1. With the requirement that a residue be touching an Asp or Glu at 6+ places or on another chain (Cβ under 9 Å) and either under 15 Å from Ser116 (Cα atoms) or surrounded by 15 or more Cβ atoms within 10 Å (Cβ to Cβ) (or both), what does the stretch 62-105 give you?
2. Which residue pairs have Cβ atoms under 6 Å apart, sit 6 or more places apart or on different chains, and have a first residue in the stretch 3-20 that is modelled with pLDDT under 70 and a second that is β-branched (Val, Ile, Thr) and surrounded by 10 or more Cβ atoms within 10 Å (Cβ to Cβ)?
3. Please specify each residue of the stretch 115-146 satisfying the condition of being of a type outside the set (Gly, Ala, Ser), modelled with pLDDT under 75 and assigned to a loop (DSSP other than H, G, I, E, B).
4. How about the stretch 119-132: which of its residues are buried (at least 18 other Cβ atoms within 10 Å of the Cβ), of a type in the set (S, T, N, Q) and over 13 Å from Ala53 (Cβ atoms)?
5. Identify, by number, the condition in (1) part of a strand (DSSP E or B); (2) under 12 Å from the mean Cα position of the chain (by Cα) that Gly97 doesn't meet.
6. Return the residue satisfying two criteria in turn: it lies in the stretch 47-56 and is surrounded by 14 or more Cβ atoms within 10 Å (Cβ to Cβ) and outside any strand (DSSP E or B), and of such residues it is modelled with the lowest pLDDT.
7. Looking only at the stretch 21-40, count how many residues are at pLDDT 70 or above and in contact with a Leu (Cβ under 9 Å, 6 or more places away or on another chain).
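The values are calculated or read from the model by the stated rules, or taken from the named source; none is laboratory data. Everything numeric in this text was worked out from a predicted model, so none of it was measured. Quick reminder, even Gly has a Cβ in these numbers, built from the backbone with ideal geometry, and neighbours come from all protein chains shown.
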Amino acid sequence: GFDPGSGASSAVYALALQADGRLVAGGVFASFAGAPRAGVARLLGDDPGCASAVAPTTASFSALGGEGVVTVTAAGDCTWRAVSNVPWITILSGATGSGNGAVTYRVAAHRGRQRSGTLTVSGRAVTITQAVSAQETLGLFRRADGFFYLRNSLTSGVADTAFF
C-alpha cells in the first residue's frame with residue numbers, strides 16, 4: 001500500500017497523476033515528509049537521495065517486436081520504479097524494486113511506420129525504437145511465353161503464381 005510518511009506540513013489542495021505514473025501534490029505546505037517542498041511534492045517517485053544508473057538507455061526492435069531487459073544499478077536501500085509511457089511497450093517484470101535489479105519488457109508487433117516510445121526506469125528515460133514493417137505488394141506480370149503471374153514482394157518470387 002501507499003505510505004505517505006509524515007505527509008504535508010499544511011493543507012494539500014490538489015493531486016495530479018503524471019504520464020510516468022507519479023503523483024504530484026499541490027497546496028500551501030512548506031515541507032512534505034520532512035523535506036522542504038514549497039507547495040509542490042512528487043509522490044510515488046524514486047528516492048531522490050539515491051543515485052542509480054540504468055543500461056541500456058536505447059534499444060531497437062524489428063516490426064515483429066520482442067522482449068528486452070533494462071538493468072538498474074542502485075544502493076540496496078534505494079527504491080525505484082519502471083513505467084511504460086506508450087501502450088505498445090509492456091512491463092513484464094521488475095515494475096518496482098530496490099537496489100540492483102532488472103526490468104523485463106515486451107514490444108508488441110506492428111504493421112506500419114517506424115515508431116519510438118519510452119520507458120521511465122528509476123527516473124531515467126529508456127528510448128525504444130521499432131523498425132518499419134515490410135509492406136507486402138503484389139504485382140501482375142506477363143512472361144515471354146504469354147502466361148501472367150503474380151509476384152509477392154515479400155517472398156522474392158517463391159510464391160509466384162502463374163495463370164492464363
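1. The answer is Ala74, Cys78, Thr79, Trp80, Arg81, Val83, Asn85, Ser98, Gly99, Thr104, Tyr105.
2. The qualifying pairs are Asp20/Val83; Asp20/Thr120.
3. Hits for the stretch 115-146 are Gln135, Glu136, Thr137, Arg143.
4. Within the stretch 119-132, Thr120, Gln130 qualify.
5. Gly97 satisfies all of (1) part of a strand (DSSP E or B); (2) under 12 Å from the mean Cα position of the chain (by Cα) except (2).
6. Our first condition is that a residue be surrounded by 14 or more Cβ atoms within 10 Å (Cβ to Cβ); within the stretch 47-56, this holds for 47, 50, 52, 54.
Then keep just the ones that are outside any strand (DSSP E or B); that gives 47, 50.
Details: Asp47: 53, Cys50: 70.
Among them, the one singled out is Asp47.
7. 5
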